[in-house]
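Structure, as structure tokens:
Rule-based calculations on the coordinates, nothing more; no lab input. What you are looking at is a predicted structure, and each value in this text was computed from that prediction instead of being measured. Virtual Cβ from ideal backbone geometry, glycine too; neighbours counted across all protein chains shown.
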Amino acid sequence: MAGSQATVLAIDHHHHAAPVHGVSSIRVLPDEDGTKNWDRIIVDERIKSRLLSHALLALAHQQEFYLLPGALQRLVILTGPPGTGKTTLSTGLAEVVARELAHKGSTCLAEVNPHALPSEMLGESQRNVARLLDNSLPELSLRYRHVIVVIDEVESFAVRRSAASFEANPVDVHRASDAVLEGMDRLMKRCPNVLVIATTNFPAAIDEAFTSRADMVLSLSIPDIETASKIIGISLEELSGIWPEIKALAGETPLHRQLAQRCVGWDGRQLRRLPLKALSESKELALHPENLMADHLFAATQD
């Protein structure tokens, strides 16, 4: 293992591993949660299909591609406004991949918090990045058959050097971006069983060299009326599992569409919370959610 500071993981009986440097959470998949994130997220099915197919291609044939250096970088970037489901889609991907490839071995989902890596101490940022890419993630790759790494807000991890002035940004920022690029190259060469999914709200802020390394860049957008209608319906369906009296509302597809038409411009997170917003509009509804009616939902669309 590269480096003497490589982290040793402690794995408990609930299929979770102890956090390692730079990694905010680890899940060993498949687990009892199944594919809930993949099933819950409503986005363009073409994006889902491309993302899943690419992940399966890269991880199911890792040894074959290892013999073809540079054929696959195993890096995918998801872009789009906040609330469009980038993180949920990424974690859901890991869940489905784990199920599809379970016969080959377990899958580790590692979520990276890039905000924990920068440091005000000179040189410390790049050391933190190197520790993550050269020690922590390779350690995971030795312990699991497949590793999917999710890096949220990657623009804070791979800062665009051409747009960063040395007056406004310390030299350390530029060195940290260099460390990311060099570390990613080493990681991908050494660990053919690692796939990285990076998400960003600001693709223009990512270093061009990082983006150029991606096998694909997929853009998620604010839901259209059809998608918004489905999200509202799913949210109501979930609530009806707790309060069966809401079941009728959950089945009224024309109602969902009418609500969606009044929520143009809402992101997926806002749409999913519409029924909860309606329930919190009054004390009576808060105490008796089973009394939720269409009028309450329409009222909640007014900001």
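Output wanted: per-residue J couplings in Hz (rounded whole) for the range 248-263, from phi through Karplus 6.51 cos²θ - 1.76 cosθ + 1.60, θ = phi - 60°, x for Gly and Pro.
Calculated HN-Hα couplings, in order: 4, 4, 5, x, 8, 4, x, 5, 4, 5, 4, 5, 4, 5, 8, 10 Hz.
Under a plain spin-label model, where a point goes 7 Å from the Cα along Cα-to-Cβ, how far apart in nm are A294 and K104?
4.9 nm
If all Cα-Cα distances of the chain are sorted into 20 Å bins from 0 onward, what percent lands in each bin, rounded to whole numbers?
Calculated over all Cα pairs of the chain, the distribution is 31, 50, 19, 0 percent.
Between the range 73-145 and the range 25-56, how far is it from one alpha carbon centroid to the other, in angstrom?
14 Å
If you take every residue apart from F210 with its C-beta less than 15 Å away from the C-beta of F210, what net charge results, scoring Lys and Arg +1 and Asp and Glu -1?
With Lys, Arg at +1 and Asp, Glu at -1, the neighbours total -3.
Using unit Cβ charges (K, R positive; D, E negative) and no other charged atoms, how large, in debye to the nearest 20, is the dipole of the chain about its Cα centre?
About 620 debye.
How far is helix 45-60 tilted, in degrees, relative to the longest principal axis of the Cα atoms in the chain, given as a value from 0 to 90 rounded to the nearest 10?
Taking Cα atoms only, the helix is inclined about 30 degrees.
Quick one: angle between helix 171-190 and the longest Cα principal axis of the chain, in degrees between 0 and 90, rounded to 10, please.
90 degrees
So if each residue of separation counts as 0.36 nm, and I subtract the Cα-Cα distance between D185 and A204, what length gain in nm does that give?
Net length gain for the segment: 4.7 nm.
Can you give the calculated 222 nm mean residue ellipticity of the chain, where each DSSP H run of n ≥ 4 adds -39,500 (n - 2.57) and the sum is split over every residue, rounded to the nearest 500 deg cm²/dmol?
Value at 222 nm, helices only, nearest 500: -12500 deg cm²/dmol.
Treating the beta-carbon of each Lys and Arg as +1 and of each Asp and Glu as -1, no other charges, what is the dipole magnitude of the range 225-300 about its Cα centre, to the nearest 20 debye?
260 debye
Please check: in the Gaussian network model of the chain (C-alpha springs, under 10 Å), which one of A110, A286, A179 has the largest mean-square fluctuation.
In this elastic network of the chain, the residue with the biggest mean-square fluctuation among A110, A286, A179 is A286.
Taking the DSSP beta bridges in the range 23-219 as the whole, what percent of them are antiparallel, to the nearest 5?
Roughly 25 percent of the beta bridges in the range 23-219 run antiparallel, per DSSP.
What whole-number volume per residue, in cubic angstrom, does the convex hull of the C-alpha atoms of the range 225-300 give?
In the range 225-300, the Cα hull volume divided by residue count equals 72 Å³.
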